[in-house]
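Heads up: the structure comes next, in C-alpha cells.
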Amino acid sequence: MIKYLARTTLTPLLKHIPTDRKWLRPFYQATQLQVKVSPYVSPNLPAAFSGLSLAYAADIHYGSYLSQERALEVVRLITRLQADLILLGGDYGENAQTAEAFFDLIPRFPESTPVLAAIGNHDHMGSGANIARLMAKMRAKGVTPLRNGVWHLKREGRTMAFCAPDDILAGFPDFTPLINGTRTADFVVFMPHSPDLVPEAKQAGLRFDLALCGHTHGGQIALRGRSLYPSSRYGDRYRMGWVNENDSDIFITCGVGTSVLPMRVGTMPEIHRFNLSSGNSLRAGEAFTSSPAVSSLINCA
Ligand SMILES: [Fe+2]
C-alpha cells in the first residue's frame, strides 16, 4: 500500500524536493554518496589474487529520484576507483524502462576493465520489461550481465569465479549453472542482487567464499539500527555491512539510490573499492569492521 501510494501520488511531488538543503536532512542525506575503500583479507584467497581490487556498486535507481547528472557522476566515481574489476549489483533504474535508459545514458566502460553485473528486481519491473534487451544494452557499454551466469579470472594457474543468479523476487534464479561453473574454482565471489538468495544458495549446494549483495539499501530508513520497512524476508539479518555465515563472508551495501521515497535515515549511500589480500592474520569480517573505511565524502547531488 505504501509503495503504491508512493509511486502514484508521492513520487511526482517528492522528486521536486530540493536535496541540497541540510535542514531537509533525510532528503539531503540520500544524496551524500560515500566512497569507501577497504581491505579484504581472507585465508581462502589464493596468493595469486593478492593485490586484486574490486569496485562494487548497487541500487543506482536512475529515474525520478536520481538525475542524469547524478547517474553520470556515480559512473565516473566508480571508474575513478581504478579497480581491476567493476562489479554492479543490480537495480540500475527505478524500473526496467529506466534501467535501459541508464545504460543508454552512460559512456562505455574502459575496455581494460572487466565489468560484471547482476540483475535486480527493479530491472524486471514494469509492463515493458524486456530483460534480453536490457542485457544487450549492458553489453553495448562494456558490461557483462551475469544472469544465472559465471565469469572466470585466471592468474598463475589459479581461478577466481564470479557468479550471479537472476533476482529472487522478479526473476528465475537457477543455481545449477553457478554450481557447475564454480566447482573447480579456487575462490568464488557470489553476487546476488538480494542477500535473501544467500541461504538458498547454500541450501542448493553453491560453495562461495565471498558474497556481495545489495537490495536492502541498509533499510533506507533505519531507526536505532533497525529498518522501518525491511525489504528482506529475513528482516534485518542482512540489513547492511558484514555478516559471516558458514565460513562465507557476506557484504551488503547500502547502495547508491533510493526507491519509494527519496529519503535516507540512519543509512548513507555508498560505493566501494575492496583491496584483496590473502592472509590469516585477521578474519575477513574483522578486517573490514576495524578498518577506517571512509576515504572521502563526495556530494553527488
Ligand atoms: Fe534497490
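Here are a few things to note about the model shown:
- Residues in segment 234-251 that are part of a loop (DSSP other than H, G, I, E, B) and touching a Ser or Thr at 6+ places or on another chain (Cβ under 9 Å): Gly235, Asp236, Tyr238, Arg239, Met240.
- Residue in segment 94-104 that is under 15 Å from the mean Cα position of the chain (by Cα), assigned to a helix (DSSP H, G or I) and either within 16 Å of the ligand (Cβ to nearest atom) or of a type in the set (Gly, Ala, Ser) (or both) present: yes
- Conditions (1) in contact with a helix residue (DSSP H, G or I) (Cβ under 6 Å, 6 or more places away or on another chain); (2) surrounded by 14 or more Cβ atoms within 10 Å (Cβ to Cβ): number failed by Tyr28: (1)
- Boolean, Gly157 is more than 14 Å from the ligand (Cβ to nearest atom) and at pLDDT 95 or above: yes
- Members of segment 13-64 that are more than 26 Å from Ala83 (Cβ to Cβ), of a type in the set (Ser, Thr, Tyr), part of a loop (DSSP other than H, G, I, E, B) and out of contact with any Phe, Trp or Tyr (no Cβ under 6 Å at 6 or more places or on another chain): Ser64
- Leading residue by the ranking (farthest from the ligand (Cβ to nearest atom)) among those in segment 254-279 that are under 11 Å from Gln34 (Cα atoms) and in contact with a Cys (Cβ under 9 Å, 6 or more places away or on another chain): Met268
- Search result, residues across segment 83-93 that are touching a helix residue (DSSP H, G or I) at 6+ places or on another chain (Cβ under 9 Å) and more than 16 Å from the ligand (Cβ to nearest atom): Ile86
- Check on Pro39, within 27 Å of Ala211 (Cβ to Cβ), touching a strand residue (DSSP E or B) at 6+ places or on another chain (Cβ under 8 Å) and loosely packed, with under 14 Cβ neighbours inside 10 Å: no
- Top-ranked residue in segment 209-225 [being assigned to a strand (DSSP E or B) and at pLDDT 95 or above; ranked as nearest to the ligand (Cβ to nearest atom)]: Cys213
- Enumerated helices (runs of 4 or more DSSP H) restricted to segment 105-208, each holding at least 3 residues that are in contact with a helix residue (DSSP H, G or I) (Cβ under 9 Å, 6 or more places away or on another chain) and surrounded by fewer than 23 Cβ atoms within 10 Å (Cβ to Cβ): 131-140
The values are calculated or read from the model by the stated rules, or taken from the named source; none is laboratory data. Everything numeric here is computed off the predicted structure, so don't read it as measured data. We place every Cβ from the backbone using ideal geometry, glycine too, and count neighbours over all the protein chains shown.
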